[in-house]
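A short reminder: the numbers here are calculations on the coordinates, not readings from a lab. A quick note: this is a predicted structure, and the numbers were derived from the prediction, not measured. Using ideal geometry, Cβ is built from the backbone for each residue, glycine included, and neighbour counts are taken over all protein chains shown.
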Amino acid sequence: MVEGITRSNAVPYITAWSAEQYARYEVVAHPAGGIAYLDEAPHDRDADGILWARMTLGPGRGRPDFGRVHLGRQRRAMRALLCQVCGEPADRAEDGALWLLKDDRTDWPGWPEGMAATHPPVCLGCADIAARRCPHLRGGCVAVRAREFGTCGVYGSLYRPGRPAPTAVTDVITTPQEPRARWVLATQLVRVLRDCSFVDLRLSRAA
Ligand SMILES: [Zn+2]
């Protein structure tokens, strides 16, 4: 949480600020296939060898941009199961970790079983703020507990070979095992929710 900001007017932990932008970079073809940075450093890849986008760090500087997520904080919150609003541990109970999801119950029978989540979980105290502040939750959301939430891979830009350099063509979710993972510039860590149950938190509706 950014110092001096109370919960009632909190800017969500994962929200990007206007001072936080994608760093300049040049994507080139990797000699062994896939993409690389021209000036790549070891920390540009995760343990699975996936290349991550670069974003400058400056929480609290400029204006909060509620439509954008800071990829470093998203990744940290998702990996450590931190609340996407306050950055403290998300709520965990016997019936699972707490997630707020855009209400897509009509998407498939049994939704959200097996859903790939890109937004980190929440704590009980922040669920209401998330429901009101997160653009993707406007129009209705549901609270869900998931007993299983394994990391499945990343969300990011899929590149294709090209001259003089590979070009981004679309956004995808990929597992590290897929051959195309070498062609993805990751921006978000993804977890898959299973063994889900709905919970009634009596959330207020977005204004
Ligand atoms: Zn919280």
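Taking the average, over residues, of other Cβ atoms within 10 Å as the packing measure, peptides 95-101, 160-166 rank 95-101, 160-166 from highest down. Dipole magnitude for the range 1-124: about 420 debye, using +1 per Lys or Arg Cβ and -1 per Asp or Glu Cβ, origin at the Cα centre. Taken along the Cα-to-beta-carbon direction at a fixed 7 Å, the label points for Glu26 and Ala165 span 0.7 nm. Put simply, the amide H of Arg68, placed in the peptide plane, has neighbours under 5 Å in Ala16, leaving out anything fewer than 5 places away on its chain.
Using just its DSSP H runs of length 4 or more, each adding -39500 (n - 2.57), the chain gives a mean residue ellipticity at 222 nm of -2500 deg cm²/dmol after division by all residues. Over the chain, the hull volume per residue, using the convex hull of the C-alpha atoms, is 135 Å³. Note on the range 64-207: dipole from Cβ charges, positive end direction compared against Leu193, Val122, Gly153; the farthest Cα belongs to Gly153.
Backbone phi angles across the range 111-116, fed through the Karplus curve with coefficients 6.51, -1.76 and 1.60 (θ = phi - 60°), yield HN-Hα couplings of 3, x, 4, x, 6, 8 Hz in residue order; Gly and Pro are listed as x.
Per-residue Karplus couplings for the range 184-196, computed as 6.51 cos²θ - 1.76 cosθ + 1.60 with θ equal to phi - 60°, are listed in order as 10, 9, 7, 10, 8, 8, 10, 10, 9, 8, 9, 6, 9 Hz, Gly and Pro entered as x.
When the alpha carbon gyration tensor of the range 109-207 is reduced to an equivalent ellipsoid, the three semi-axes, largest first, read 32, 17, 10 Å. Sorting 183-192, 25-34, 85-94 by average packing, meaning the other beta carbons within 10 Å per residue, from highest down gives 183-192, 85-94, 25-34. The dipole here belongs to the chain: it is taken about the Cα centre, uses +1 on the Cβ of Lys and Arg and -1 on the Cβ of Asp and Glu, and is about 460 debye. Ranked by the mean number of other Cβ atoms within 10 Å of their residues, highest first, the peptides 122-129, 168-175 fall in the order 122-129, 168-175.
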